[in-house]
1. Could you let me know the centre-to-centre spacing of segment 87-124 and segment 243-279, using Cα atoms, in angstrom?
2. Have a look at the DSSP beta bridges in segment 186-241 and tell me what percent are antiparallel, nearest 5.
3. Out of the total accessible area of segment 137-260 (probe 1.4 Å, heavy atoms of protein only), what percent is carbon and sulfur?
4. Compute the accessible area per residue over segment 137-260, keeping the other protein chains in place, probe 1.4 Å, unit Å².
5. So, R0 is 35 Å and r is the distance between the beta-carbons of Val229 and Ser121; what FRET efficiency does that work out to, to 0.05?
6. What fraction of the DSSP beta bridges in the chain is antiparallel, stated in percent and rounded to the nearest 5?
7. Computed on alpha carbon atoms, what radius of gyration and Dmax characterise segment 137-260, expressed in Å?
8. For segment 18-95, what is the convex hull (Cα atoms) projected area averaged across all directions, in square nanometres?
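The values are calculated or read from the model by the stated rules, or taken from the named source; none is laboratory data. As the structure is a computational prediction, the values presented were derived from the model and not from experiment. Methodologically, a virtual Cβ is constructed for each residue, glycine included, from the backbone with ideal geometry; neighbour enumeration extends over all protein chains shown. In case anyone asks, the SASA skips ligands and DNA or RNA and just uses the protein heavy atoms, side chains included. Shrake-Rupley method; radii C 1.70, N 1.55, O 1.52, S 1.80 Å.
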Amino acid sequence: MTMRLIDGRALSQQLCTHVHQEVATLPSTPCLAVIYVGDDPATQVYVGRKRDMAMALGMESRVMHFPAIVTFQELYETISSLNQDAKVRGILLQMPLPPHLDRFALLEAIAPHKDVDGLTSQNLGLLAAGHPRFVPCTPQGCLRIIDHVGYDVIGKTVLMIGRSNIVGLPLSLLLGQRGATVTVAHSQTVHLDQLTAQADMIISAVGKPDLVKTIKPGAFIIDVGISRVEEDGLCRLAGDVALSVQATAGYLTPVPGGVGPMTVACLMYNTLQACKATL
Ligand SMILES: NC(=O)c1ccc[n+]([C@@H]2O[C@H](COP(=O)([O-])OP(=O)(O)OC[C@H]3O[C@@H](n4cnc5c(N)ncnc54)[C@H](OP(=O)(O)O)[C@@H]3O)[C@@H](O)[C@H]2O)c1
């Protein structure tokens, strides 16, 4: 079997076209508010993409930027006022946050029906119970990639590397609910290579280049990780999966151009759903 590289950009474009068409039929323009803290250039790029895509799809976008020294209280009050603002249908608190801020408490402050990344305990609880309100954007992007290819996970062994609330935890639950046999690996996992060598599907969400080097021939590899690596004085983006894996994978998502664009498209989709739920 020759490896098939999955074009996340083309797939995200399809979803965005659908969202654009639906937004045009809404009685009012949905507004997505994105809050971010600090001056990390990568975060600014991600937020810019979300703002630009929202606007391109006919939504309003409100980007709220705070310096790294912002207080918990100030952010909490900002989220509370966005919760009260009827125009705002979706609220995204962009990660990472500086360490002095209580990330859990701030996410919990988001009204669950505006929590378009599905990270509040209520929304993660609904997902765990099999009735998600919003499927978190990156896990949803991975599922859409799997569905696009028509890959049936029932009875397959899936290795989920990473267990964060934003990617690994919800995605491992969702795949288990679909009938996959899911193993979750993390920083304390020993002999990761033995696990990667056996799985039918590997989804890696860590942020360590070349973490996945050994795979089962024909395996479906979804590379969520993003790292910046210096090479010959130039900076490039890398996933978690070694380039050598390309020779034997069945399907592979590239970095960049794989899961990343799907995450943005799914945020737009969730914002549309948030809007439709209150019509
Ligand atoms: N493409 C996209 O749209 C998208 C979206 C979100 C995130 N990302 C990228 O995905 C990566 C993960 O993001 P995140 O927010 O989930 O990060 P995170 O919260 O830092 O979680 C990283 C996970 O990786 C695990 N880990 C660390 N070292 C490991 C190792 N050597 N072997 C196995 N597991 C290891 C950690 O284990 P412990 O739990 O034991 O600490 C943790 O569960 C990052 O590179 C991020 O930039 C991409």
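1. 20
2. 50
3. The nonpolar share, carbon plus sulfur, comes to 54 percent.
4. Per-residue accessible area for segment 137-260 comes out at 44 Å².
5. Values: r = 35 Å, r/R0 = 1.01.
Here the calculated transfer efficiency is 0.50.
6. On the way: 5 of 36 bridges.
Taking every DSSP beta bridge with both residues in the chain, the antiparallel ones total about 15 percent.
7. 13.5, 46
8. It is 5.3 nm².
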